[in-house]
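The values are calculated or read from the model by the stated rules, or taken from the named source; none is laboratory data. Please read all numbers here as calculations on a predicted model, not as lab measurements. FYI the Cβ positions are ideal-geometry reconstructions off the backbone, even for glycines, and counts take in every protein chain you see. All accessible areas refer to the heavy atoms of the entire protein, side chains included, with ligands and DNA or RNA removed. Shrake-Rupley method; radii C 1.70, N 1.55, O 1.52, S 1.80 Å.
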Amino acid sequence: MTVSRLSLLCRDLWALWLLLKAGADEIMHQDIVPLCAADIQDQLKKRFAYLSGGRGQDGSPVITFPDYPAFSEIPDKEFQNVMTYLTSIPSLQDAGIGFILVIDRRRDKWTSVKASVLRIAASFPANLQLVLVLRPTGFFQRTLSDIAFKFNRDDFKMKVPVIMLSSVPDLHGYIDKSQLTEDLGGTLDYCHSRWLCQRTAIESFALMVKQTAQMLQSFGTELAETELPNDVQSTSSVLCAHTEKKDKAKEDLRLALKEGHSVLESLGELQAEGSEPGVNQDQLDNQATVQRLLAQLNETEAAFDEFWAKHQQKLEQCLQLRHFEQGFREVKAILDAVCQKIATFTDIGNSLAHVEHLLRDLASFEEKSGVSVERARALSLDGEQLIENKHYAVDSIRPKCQELRHLCDQFSAEIVRRRGLLSKSLELHRRLETSLKWCDEGIYLLASQPVDKCQSQDGAEAALQEIEKFLETSAENKIQELNTIYKEYESILNQDLMEHVRKVFQKQASMEEVFHRRQASLKKLAARQTRPVQPVAPRPEALAKSPCPSPGIRRGSENSSSEGGALRRGPYRRAKSEISESRQGRGSAGEEEESLAILRRHVMSELLDTERAYVEELLCVLEGYAAEMDNPLMAHLLSTGLHNKKDVLFGNMEEIYHFHNRIFLRELENYIDCPELVGRCFLERMEDFQIYEKYCQNKPRSESLWRQCSDCPFFQECQRKLDHKLSLDSYLLKPVQRITKYQLLLKEMLKYSKNCEGAEDLQEALSSILGILKAVNDSMHLIAITGYDGNLGDLGKLLMQGSFSVWTDHKRGHTKVKELARFKPMQRHLFLHEKAVLFCKKREENGEGYEKAPSYSYKQSLNMAAVGITENVKGDAKKFEIWYNAREEVYIVQAPTPEIKAAWVNEIRKVLTSQLQACREASQHRALEQSQSLPLPAPTSTSPSRGNSRNLKKLEERKTDPLSLEGYVSSAPLPKPPEKGKGWSKTSHSLEAPEDDGGWSSAEEQVNSSDAEEDGGLGLKKLVPGKYTVVADHEKGGPDALVVRSGDVVELVQQGDEGLWYVRDPTTGKEGWVPASSLSVQLGPSGSAQCLSSSESSPGSAVLSNSSSCSEGGQAPFSDLQG
């Protein structure tokens, strides 16, 4: 059909082309003259011959040769050109009659007449009818011409007669006056210059017509031979090029017609000026010629317009077809991709939240794909319109329209089918969710009924009423028939979902069985109460077999998890309180353990519920926001500030999502049946939680970018599609909230797992999570340090950070000079690393949100290899000293609370102790290489410094841990406990205790304290009575050793030899020996305590000393302490 219509159209175009070509040929082949007036204009201007337009009696054209003295001098070429041109002007009919020549030689000589006549007769190019010669008028010349003509008649033998006329009246006898010009006595109006202008204009118009015809013929040939392109661009280019050429051809036609009408008007004006008899035949012929040319031009233009309309229609339809085909290819490719995408939507969801998420994804996909589907339908309508407009390619367009409609209908049907399946799945999961919630409420109801209250008849009846009232709600909450469910939801049930339904039904049945047993027991109690009877709680096996409300079975949505959690908290707290109250009246440890097991399952359920919701939220953000930033269809909504900023805005959220979704959530689900062991799961993946540190460090940059671009239409559109009530910034805070949630859940789990197998793992997991939170918090401060030239990573792990008040007291050389006496302390933020402590100045907090995080300007740092500490400073329990290079620089640091001070002192002690241990190992290694043993110098003094030095050297020789008691008991037995009532005993250092106040002196200050040192005093160290905090666990030792753990508080009883102190545990009343190095003073009346320092003379080493400071003259003890 299309081919036949196209062939018919081509035949029509070819017929129009032939018509146009015939008209152009007619124009080009008519009025062909060898010469034009413009070519011989100078020769015609000489006027030695002219065509006045007069006619003879039989219509013969008259050519006049006026009196021209220089006639004989005219070159033959010019004479021949003029004769040829003049004879070509009359029509072929008039020229066929023959020309009449009028030769005016009235003022000439006979010789000249004879030569002129002979020349004309020899060169005249056309037929001659008659030659009329006006002979000379002079008597002599007239007589001579008569005689000569008679005697020379044979010389004038021509095909036409030659008549010698004596006067003008004789001429009138042959030619009428009206056909003769005024110089020959006629009345014909003739102007040679005007005639020349007319001839030039007419011939110019004729040439223009001829060129126009040639142009149209060439353009028509090009149009007829043009092949239709196969693409939109080429077709558009051809149509534009042909349109431009058509416009140019039309413009040439318009100019030619304008020129023709102008010439015609000039000829008409001449006729109007002259009288009717004065119009000669040549003028009429000229006017007819111009009119004929104009008519032919009009016909040619009409034929061209018709031809162009057909050609333009063909090209426009071709362009429409190419556009339709191109759109069809694009839309079909998109629809094919959409159909392939929807074919992958086979998941029906494994939880209520998952199904709701799938429905949102389906709706979002339908909305995005709807644009392509609408485009396909619009394209199909365009194709139908082309068919209605009788397009030549109907056979090609109709199948494509049908295919587009089929693809759109197929897509819509598949969307409806998928939505139906997901709606079925949503309905089923809601029923399962309702059943699980009902089971949970039943379990909490059983757990919240105190057994002691049920011993009375009233209590039993009240409990029975609660149970019966609860069982009345079973019809609307529980699953009635398992087979009915299988049959009703057969279209969506797969193996996993069937197993899920079975587990819910089994849990429901188990819970009902427990309820019926409890109901039967309560009925018996309510029916007869002859004597007090201890009611029997449901067997632990019954609840143990009952499926727990874990998220592995109960898969709640985001809303149901939060709302369900709120609903559960009431009975959950009531269960805890009532269970704790009922424990006093219960005689069975099994019931108490059963209650704890229920609470553990509840915590585990909350952990899994929130974990699944957290994973869903992360996925929602990554797909609904992060992925959309790379979507070309959403690019126009992105502001310039968001380009290439996805990593800044979302940080490593994708890494966090993959860890939780692929690893952590799946491993948590393995502990559904044994929640008390979940601590192992945390411990195994503790290193993976370090990814949160990277996320939190990027959070300030993310918050700043969000504040700049929060009004971007992109975020609003994404939030609308996701149907989120909260904006993106709330979801970007989820990882920070989640990492802090774990420690709360672990604390709850640990509370109900004290005597369980995994209690130690839970405690360790809790400590590790708290350590991660501390590391995250510390790193947030660490990245805010400015002005530090080195690499903070080279300083080792950040151990602690905090703000303090700091006073400086610097001494250099042997002169005590306070570099700067400050009555008002400096406010400094200290960062304690493994290798250095940094002093920074905290800057003002500006901005909002995370930009409120302060910045820290670096001031100075102290190398831990040359640092020492004085734990107590006189007059303030919150102060301690950090001194550097043997007290060359002293920094008095005041903590906000005594607890913070104790924590910092303990941490610094650990760092210096580890350095000491490393120095010892290095010294022992060098000693083994140099010699087998080294003699020890004999003690020359009983001062505390030297005594401690000797004890430390003994520790080094024994290669024992300074925080362990094993080294002491392995070489010598523990000292005997002090006799009761004796108080402090004298030690090996002969230290005398003051006699006042029963051996304690609160008023007496040590002479070797920090303040006393400034006065130049160097005295003995006194023991500090009071309470001490244990900083290291001690579990091994002899029979007199006391087992203590880090954090315990003990009271000092007596100091013994070799670094052992005899202490009492006030909570248990037990006494025993512990290493002095594992104790830290808590709070006492004196201002001195232990001092932990680094030896200046031995860089990199650390030693323990009992002196609170070293004076300028005290270098000897340092030399004795060298390892």
Compute, for Glu203, the solvent-accessible surface of its heavy atoms (probe 1.4 Å) with the complete set of protein chains present, and express it in square angstrom to the nearest 10.
30
How much solvent-accessible surface does Tyr444 expose, in Å² to the nearest 10, with a 1.4 Å probe and all protein chains in place?
10
In whole Å, what are the Cα extents of region 425-525 along the three principal axes, biggest one first?
53, 19, 19
Based on the mean of other Cβ atoms within 10 Å per residue, sort peptides 1065-1073, 501-509 so the most packed one is first.
501-509, 1065-1073
Past 22 Å, Cα to Cα: identify those pairs from Lys210/Lys250; Lys437/Lys507; Lys46/Lys258, in the order given.
Lys46/Lys258
Given a Förster distance of 30 Å, the FRET efficiency implied by the Cβ-Cβ spacing of Glu834 and Glu888, rounded to the nearest 0.05, works out to 0.85
Evaluate E = 1/(1 + (r/R0)^6) for Glu844 and Asn350, where r is the Cβ-Cβ distance and R0 equals 60 Å; express this FRET efficiency to the nearest 0.05.
0.70
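Could you work out what % of the accessible surface of region 165-306 is carbon and sulfur, using a 1.4 angstrom probe and leaving DNA, RNA and ligands out of the count?
On region 165-306, the fraction of accessible area on carbon and sulfur atoms equals 51 percent.
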Starting from the Cα-Cα distance between Arg419 and Glu461, subtract it from 0.36 nm times their residue separation and give me the gain in nm to one decimal.
10.2 nm
For region 39-118, alpha-carbon Rg relative to the globular expectation (2.2 N^0.38 Å, N residues):
1.12
Could you grab the Rg to Rh ratio for region 284-393? Cα atoms only, Kirkwood for Rh.
1.49
Can you work out ³J(HN,Hα) from phi for every residue in region 280-293, in order, using Karplus 6.51 cos²θ - 1.76 cosθ + 1.60 and θ = phi - 60°, giving whole Hz and x for Gly and Pro?
8, 5, 4, 5, 5, 5, 4, 5, 5, 4, 5, 4, 5, 5
Cα-Cα pairs of region 349-473 separated by more than 26 Å (percent)
57
What figure, in Å² to the nearest 10, do you get for the accessible area of His636 with a 1.4 Å probe and non-protein molecules left out?
140
Value of Rg to Rh for region 307-361 (Rh from inverse mean 1/r over Cα pairs, i.e. Kirkwood):
1.49
Can you tell me the FRET efficiency between Asp39 and Thr221 if r is taken as the Cβ-Cβ distance and R0 is 30 Å, rounded to the nearest 0.05?
0.50
Describe numerically, in nm with one decimal, the distance between label points set 7 Å from Cα along Cα→Cβ at Val736 and at Asp723.
3.0
Extending each Cα 7 Å along its Cβ direction at Glu299 and Arg47, get the distance between those two points in nm, one decimal.
4.0
Flagged links, alpha-carbon separation over 32 Å, of Lys699/Lys721; Lys797/Lys841; Lys332/Lys725; Lys368/Lys725; Lys503/Lys694; Lys751/Lys842
Lys332/Lys725; Lys503/Lys694; Lys751/Lys842
For region 623-690, what does the accessible surface come to per residue with a 1.4 Å probe? Please give it in Å².
51
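Kirkwood hydrodynamic radius of region 672-823 from all distinct Cα pairs, in Å?
Mean inverse Cα-Cα distance, inverted, gives 19.9 Å.
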Stretched out fully, how many nm does the piece from Val1043 to Ser710 gain, at 0.36 nm a residue minus the Cα gap?
114.0 nm
